[in-house]
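One structure is given here, and the rest of the page talks about it.
The values are calculated or read from the model by the stated rules, or taken from the named source; none is laboratory data. These numbers come from a predicted model, not from an experiment. Please note: Cβ atoms are built from the backbone with ideal geometry, for glycine as well, and neighbour counts cover all protein chains shown. Remember, those area values only see protein heavy atoms, side chains included, never the ligands or the DNA or RNA. Shrake-Rupley method; radii C 1.70, N 1.55, O 1.52, S 1.80 Å.
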Amino acid sequence: MNVSVLLWLLALHGLSIYLFLSGFLLSRIALPDVSPPLSDSTRSLVQTHKRAVIVVLDALRYDFLAPLGDTIPSPHDPYYHGVLSTPARTAAEHPDRSIVFSAHADPPTTTLQRIKALTTGSLPTFVDAGANFGGEAIGEDSWVLQAEKAGKKLGFVGDNTWLALFPGAFDPSLTWGYDSFDVEDLHTVDNAIFSRIPSLLNLTSTPSKSDPWDILLAHGLGIDHAGHRFSPSHTGMQAKLSQTDTFLATLVDLLDNDPMHKDTLLVVMGDHGMDEHGNHGGDAPLETIAGTWMYSPTPFLASSSDRENVPAQMHEETLFPGALAPHRHTQQVDIVPSISLLLGLPVPFGSLGAPIPELFALRPHTSVGAGSALAVASSLSATQIHTFLDKAGMSGLDALDEAWDPRVGGLAAHLAPEAFPRSAYTAPLSTSEELDVSLAIGSRHISRALARDAYAYSREALRAARARWAQFDGPLMVVGLVSAFLAVVVAGALFWQLGLDSPAASRPGPSIGAVPKAGGEDAEETSPDTPTWLRKSVLRAWQAMGAGVVLGVQLWGAFKVLGRIDTFALSGESPTRMGVLHFAALGAAWASSASMLASCFSSSTATGDARIEGPKSSPTLLQKFTRFFSVFTFEAAIPVALMILHSLALLSNSFVIHESLLVPFLLITAPLPFLMRTISSARRDLRRKALFWAGVYAVCVRLIGTGRVWREEQGVFFGLGPHSSVSPSDGPFIVETLLSVIPNWLPRILNALAPLATPVILSYVLQTSRSRVPFIVRAALPASLALASLTWLIEDSTAGAGADSAIGGVARIVRTLCAWTSAVLGAGGIAAWATQPLCISVSREAPTDGAKAGEKQTITVLGFANASGAPVLVFQALLLAPLALCALLPSQRVGPLLFGALVGWFELVDAARDARALDANPVGAANALASAIPDTHSYTSSPSTQLQPPASQSSTSSGPRIALAELFPLALLGLHAFFGTAHQATIASIQWRAAFALSARVRPGISHLCVAINELGPVFWATAGAVGLAVWNVSPRIQVKVPRSALNRAKSGGGEGATREGKDAAVEAENGDHEESTEVLRAALGPLIYLSVLFLAGAVGAAVLRRHLMVWKIFAPRAVAGALWLIAADLGAVIGVWSARRIGREVKRVFG
Amino acid sequence: MAPRKQKPAARSTIPGVYTKADVDPSEREYAPEPFPFARYTSLVGVHTSLLAFSALFLPQTTSFFIDIPARVTDRPAHPLVETLAYSPVLSLVWIAGGVFVLQSWWAGWIRMWYFEQASRGTYAEKKIEQSEISKAKFADYGKASVFTLTVSVVYHAIVILFGAPVLSHHPHTYLLSLILAFLTVFAPAYSLGRLTMGNDTASWIKWFNWTRLFVEFSPRNAIERAMVYPSIGTLVGCWFGVIPLALDWDRPWQAWPLPPLFGAIIGYILGSLGALVTTGVYWLAEEQIRSEQMRQKTK
Ligand SMILES: [Zn+2]
Ligand SMILES: [Zn+2]
């Protein structure tokens, strides 16, 4: 039943995550398809240039290169208006060779997203679902890949993001990449571009090198960095722009004067704009309006006399903010089909733009009639969009179907039958239409109509695609956040209610002989380990979830009929795209949360839970509230304060970046109340114990921190301030420093040996309670751990050898063998544990008194005092084996450190509990302690199982309820281990190498599981360990006073056969189990509460700051990580509760 | 927080000021003077101002010896801050020196008041006790210093556990720990006696006193408050002082360990003022009661 509660909570979390992320993440299928090349005849119709120089100037806003005049705001700003004057000057002088316009950049206006749009012509996404396994490389079709495929030679200078996006596309001898991160550096990248591009242009005139390159790409960062640093209105920007202008003038000179370059196209464009402070990332008009300039030494543009070739609808204009007159405006995605077709390349498969008409309207050098090239280009592009949308599952939208003109497809299919097989997407054409299409190449009238229709369709498709992919969905996000909030409240309410409700909170003293409620069938149904109200309310919550689905669907239907869904929108944003699935999820989440909350707050104790008769059985609301507030002691306030601080930190980009430092800081603070509790205790042994284990805990936590890697944004900062006089060092620097002193195999060996410390720690800890680790576990655990780390040692030391070399091949085989053996041994260990989890050993002594032999004997149970706690620890140690198998070599040491920290925490909490018990009841607790210290129990028994429980029993096990203060650090510990295993909440830090732990190539399922364990294992592990706090050093309650048979009879409800005594015993046994099991559930809930609050905070941060400059770099990945951690923790809690249940059953079998 | 110890009802119900009623009736005539509140107030004012001064202006001494180059930056800071952040270690050395002198002076007062209010007996007995105490002054001072140095090493380890770098910045970290130790434990060690690990009664009593003050936070009178509040304030301030370290403001004063250090000093000053205000409130209440009693007597 406990597991069922947690599974229900998992479902609730899943629903809220689904709702939030489908509103927040820009999700889009990235298709791997590639357009086939153009046929020669088609190419001759559209291609104008052989070569291209494409210069991306980061954050080049339209007004930076626009001509001075009414199209930009006046009065002009002397720092950036008219400074970069070459484009405007050439456009005025040669309107047939030079054109300036603005391009709309789709938000997020961040460089990475823009580069993707500028090359693939698609809309931005957060994660390109379906992208290949690992790496940032663009998996979609783009003109860069098309050029590479067409055998063109590509050169590159500038921001090295491009090199990561297109690995292998650029000719290594023509490539100079630079880091893009250092905003303070205005010049390095630009200077490289300014010097290298002209010299590369000059290469073509060298006779020996006739074709040194076909496409030159440059990406300069100076303008962007000047904007970030100074804001645009600053002398620094002026200097940068005039420097850039000189460069552009040089390019124009080179192109004009070298006859070799008459076929070279020059494109200069910004990837986005910048706001008045020089920042970008959002969707403000100034950020989305990028400037573009195209220049050719030979005429290729529609001059005013050719204007009639361009249908009026294709001429879009817009008003720059603050300007008086509109200017020529396009979409940034339009540049992709334009560049592709001008260079004779096919339109990339996922492109959503329309060719810019001016570029295709004039064809003096081709035999084809004017205007037909435009029709050809537009048709090819529009048909490409049609094909893509079909494949991406977006066809069938009414508006799109209306806009689609089959003749457009007909023309495209006529020109490129291999790319657009006619039957696949167009309605069959009549003969006259066929004729029209073939005439289109010659007829101005038809070609104008075709171009117009193709353009209209492209724009409609772009609109539809934006509505589907590139908009945050405010209502969905809000709904998701509300669901996440409800999940937090529900988990908190469950924790609180179970704490109030458990019998130990009002443990019956002498009045043990409570009788079960009269309704016998009710008691019969009751699973012995759960309070009835919980069992019922979980059932009800599941039912409510089902009912909620129905309600949600009905609600959706109602809104649909009323046509109201489109009206749901946050102010200024596009309407929601909530569908029936979203409504169903919403209904399920809210209805079942409400049901569970109602169960928690209604008089739960009255629902047949009559374990204790008396006034206490149903506390009044007032009593409940006083109890609720009595929880807020200093000890309880600290962890809650830490949780609140941690949550608030997620609203600041600085703290999200430095979360890997924040988490251990909170972790080291967490033991403070426990230490204070024990230090003020009168018992010296308790103080020593607490100090020792707190030290173990703190040192382990600190050492886990040495495995961190730094995020890109942490830069030279490392949490020590940017101006420290000494260069700070930690993490990787420690390794570097050590490596300079000691041979570099030593840390590897140490890391590889580290996992073996886990069994050592395990046996050391269990020795104090004289618990005995079962033999199979004792053998399987070290072997499994050793083989796991051996796997990674081999991987690490043969990383240089390719898999095809002899060494690499052998190493791979050995490694796979080791890994599988380790996995099998680990699984075997867990199976062995499941069959025999307990760590006790029983010895019987024959009675010394010979007279009554056979009547009485002494039974000594070693490991009794920690009978339930020790197996939890063994289980946790066993769970470390799969973690080690999926962790890279440097992370191997984190396993034992994590284990040490967990053990330290258990023991510290235990000491504090003892100290608290001493404070509350000095005499009784002291006795209990004294008897608990030997941790063995001897008692005499008669054959009729008249066991005498030790006198101290009840006082030891009826300690205070488990507190959040004890549980929250485990959630933090999981996060800390996540960071300590060289992870960060970024996509870039995913350790894809773990995918190959068990196999040489990616195997769907196994490989994904390995990466998931590598990423989320620590959080899972720490949450699973939380149940240990419910049973640690809590010895089983021996309550049986009657033979088992009588007990069984009483339980099976055979009323007449059972004696009164038997009934009592059954009730008592139920109570004992019930208490433990409730506590186990509460222990499992603790870390979940922390992590669900954290998920909520991360999601709120991402939603509120969705227009933040860093949203895609920082907040979005953090929100996703928060969701993944929560799911991992939910699963960990399930496993933990399962293990505790297994132990509980076994304890009952042995002692019950 | 642990429950405060209940006082017998017969005594003053206000746990702040030492009153005549608290003294054994047989020696009522020789009860100590009421706490010198006025002098305490002025001393706290002087002490906290001097502390703030030494934190901000002592490090400026660096500029007398070293010509501090102007930083090339588009975000210039105040020259005071520029000098402070130029070399955190030098700044820390200056501050540590200032704190050392100030705490020695302050601890002298605390110790005097502590023994004054603790001493019992006849006038002659008290005189003898006082002379003994002042004789032990230097020995105690030495012991307290050694204890403070020991604690600074422990603090150093704790600061590293909290996340300070393991392999570098030890001068920074240690000076921070030293200043923390002087702010938190020097005055108590000088008055209460340092903690010892012995098994004898004296050690036991000291342990009890220290834990009562610094773990259970239950100071019983003005002097204890003047010791405990600033110490707690220092540690809490230092803890919160870490927060600005992570902000990406790119300011020179964000260098390790300046923010936690200034957090600690601000915490100390606030704690000191908090103790003053608390004692003041109790003192006023006590005065009120006393005047009531006087009025009733005259009636
Ligand atoms: Zn950019
Ligand atoms: Zn930028």
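Some notes on this structure:
- Between helix B:137-161 and chain B: long-axis angle, C-alpha atoms, 0 to 90°, nearest 10: 50
- Inter-chain shielding of B:241-254 (mean C-beta neighbours from other protein chains, 10 Å cut-off): 5
- Considering only A:46, A:65, A:110, and ranking their Cα positions along the charge dipole of region A:1-119 that arises from unit charges at the beta-carbon of Lys, Arg, Asp and Glu, the one farthest toward the positive end is A:46.
- The length gained by stretching the chain between residue B:68 and residue B:41 to full extension, at 0.36 nm per residue less their Cα-Cα distance, is 5.8 nm.
- Between residue A:540 and residue A:776, the modelled label-to-label distance comes to 4.3 nm, taking each label 7 Å out from Cα in the direction of the beta carbon.
- Taking 0.36 nm per residue of separation and subtracting the current Cα-Cα distance, fully stretching the chain between residue B:294 and residue B:80 would add 71.6 nm.
- R0 of 51 Å, Cβ-Cβ distance residue B:146-residue B:247: FRET efficiency to nearest 0.05: 0.85
- Using R0 = 41 Å, the C-beta based FRET efficiency linking residue B:120 and residue A:768 works out to 0.30.
- Three-way shape call for region A:49-347 based on the alpha-carbon gyration tensor, with the a/c threshold at 1.5: rounded
- Note on residue A:554 and residue B:135: their simple-model spin labels are 9.4 nm apart, each label 7 Å out from Cα toward Cβ.
- Counted by Cβ distance under 15 Å from residue A:999, the other residues give a net charge of +4, where Lys and Arg count +1 and Asp and Glu count -1.
- Taking 18 Å as the cut-off, the amide N atoms of region B:110-139 that come nearer than this to a point 7 Å along the Cα-to-beta-carbon line of residue B:205 belong to B:111-122, B:125-137.
- Contact-buried residues of region A:666-689, at a threshold of 20 Å² lost accessible area versus the chain by itself: A:668, A:669, A:676, A:679, A:680, A:682, A:684, A:687 (1.4 Å probe; DNA, RNA and ligands ignored).
- Normalised contact order of chain B, rounded percent, pairs of Cα under 8 Å and 6 or more residues apart: 23
- For region A:226-260 versus region A:70-90, the gap between their alpha-carbon centres in whole angstrom: 13
- Residues A:334, A:70, A:33, sorted by accessible area with the largest first, give A:70, A:33, A:334 [1.4 Å probe; ligands and nucleic acids excluded].
- Only helical runs count toward this figure. For chain B, summing -39,500 (n - 2.57) over DSSP H runs of n ≥ 4 and dividing by all residues gives -22500 deg cm²/dmol at 222 nm.
- Sorting A:872, A:482 by accessible area puts them as A:482, A:872; the probe is 1.4 Å, largest comes first, and only protein heavy atoms count.
- Peptide packing for A:90-98, A:142-150 was compared via the average number of neighbouring C-beta atoms within 10 Å per residue; ordered from the highest value, the list is A:142-150, A:90-98.
- Taking all protein chains together, A:8, B:239 sort by accessible area into B:239, A:8, largest first [probe 1.4 Å].
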